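The values are calculated or read from the model by the stated rules, or taken from the named source; none is laboratory data. Quick caveat: nothing in here was measured; it's all calculated off a predicted structure. Reconstructed Cβ throughout: ideal geometry from the backbone, glycine too, with neighbour counts over all protein chains shown. Note: accessible area is taken over every heavy atom of the protein model, side chains too, but ligands, DNA and RNA are not part of it. Shrake-Rupley method; radii C 1.70, N 1.55, O 1.52, S 1.80 Å.
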Amino acid sequence: MAATTGPASRRVSVFPSPQELGPALAQLVLERAAAAGGGGRRFSVGLSGGSLVEILARDLPPAVASAAVSPAGWLLAFCDERLVPPEHPDSTAGAYKAQLLPRLPVPGPRVLTAPPRAAPRRRRRRVFPGEDIPVFDLLVLGVGPDGHTGSLFPGHPLLQEKEKIVAAITDSPKPPPERITLTLPVLNAARMVVFVATGESKAAVLKRILEGDEENPLPAARVQPRSGQLRWFLDESAAKELTIPVEKHSVL
Ligand SMILES: O=C(O)[C@H](O)[C@@H](O)[C@H](O)[C@H](O)COP(=O)(O)O
């Protein structure tokens, strides 16, 4: 049963805990990779930091292994990045390089690390030829208890950005203050966006994002892919205040 309220293609899936959510997320990544494959085109996937790193590092490698898939044709990018050295514990790319990449088969994905400033147009043209705004096959986003996603924070002027595809922020309310982030035009151009949120600390904000109708929507509520699909993967604690129909996944 698919959840059908809200935007036409939005589906909200609820899992008992992150332990069940992780393998389902890994399957979704593989499905999207298979759908994108062929024609010499890379499967482009953007990942976020925070608790997602642990979930993907735990559940994606076994899924890749059991499906005997090669990630060599994948292009892995980051939805946002904290501007710290790669070896710093706050570095999102550093965390994926330490925890996920060594567990994937070799040759692994091509990894697009964030430039310290907005991406030069030439580089973007090489990676996403012919596209004015990069169209990712899949973006995996988190959401903070304040409703931020990527490094797009409530009330921040970056929410109005229309031109840049990657923007710098120097006053992030969540440390560290200096970050770069994909902008809303890129998030909303993706073929699929999946939000992942677990834990009780997200329950109240998820009710606002998924059921609210606010004049000034929270950043995560502004992610409505124009022609792509929008998925939400939640655990029961995060979903506990929701009254919209959801797709419940139980342990078999
Ligand atoms: O830089 C970051 O912190 C992330 O990229 C950020 O957008 C994250 O996805 C959310 O804050 C949710 O984080 P948690 O899943 O750890 O709560």
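Can you tell me which residue among S227, S201 is under 13 Å from P145 (Cα atoms) and surrounded by fewer than 15 Cβ atoms within 10 Å (Cβ to Cβ)?
The unique qualifying residue is S201.
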Please state which of the following conditions D235 fails to meet, knowing it meets all the rest: (1) farther than 23 Å from H156 by Cβ; (2) open to solvent by 20 Å² or more (accessible area, probe 1.4 Å); (3) touching a strand residue (DSSP E or B) at 6+ places or on another chain (Cβ under 8 Å). (2)
If you take the residues of region 9-63 that are assigned to a loop (DSSP other than H, G, I, E, B) and more than 16 Å from the ligand (Cβ to nearest atom), which of them is modelled with the highest pLDDT? P16
Conditions: (1) outside any strand (DSSP E or B); (2) touching a strand residue (DSSP E or B) at 6+ places or on another chain (Cβ under 7 Å); (3) open to solvent by 20 Å² or more (accessible area, probe 1.4 Å). A220 meets all but one. Number of the miss? (3)
Based on this model, can you work out whether L182 counts as surrounded by 18 or more Cβ atoms within 10 Å (Cβ to Cβ) and either within 15 Å of the ligand (Cβ to nearest atom) or on the phi > 0 side of the Ramachandran plot (or both)? yes
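Based on this model, can you work out whether L83 counts as open to solvent by 10 Å² or more (accessible area, probe 1.4 Å) and at pLDDT below 95? Steps first, answer last, please.
Values: open to solvent by 10 Å² or more (accessible area, probe 1.4 Å): yes; at pLDDT below 95: yes.
So L83 passes the test.
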With the first residue restricted to region 227-243 and required to be touching a residue at least 60 places away in the same chain (Cβ under 8 Å) and basic (K, R), and the second required to be open to solvent by 70 Å² or more (accessible area, probe 1.4 Å) and not in a loop (DSSP other than H, G, I, E, B), Cβ contacts under 7 Å at 6 or more apart or on different chains are R231/R11
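Residue by residue, here is whether (1) hydrophobic (A, V, I, L, M, F, W, C); (2) within 16 Å of the ligand (Cβ to nearest atom); (3) closer than 17 Å to G46 by Cβ holds:
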{"residue": "A189", "(1), (2), (3)": "yes, no, yes"}
{"residue": "V194", "(1), (2), (3)": "yes, yes, yes"}
{"residue": "E200", "(1), (2), (3)": "no, yes, no"}
{"residue": "A203", "(1), (2), (3)": "yes, yes, no"}
{"residue": "D213", "(1), (2), (3)": "no, no, no"}
{"residue": "A220", "(1), (2), (3)": "yes, yes, yes"}
{"residue": "P225", "(1), (2), (3)": "no, no, yes"}
{"residue": "Q229", "(1), (2), (3)": "no, no, yes"}
{"residue": "A239", "(1), (2), (3)": "yes, yes, no"}
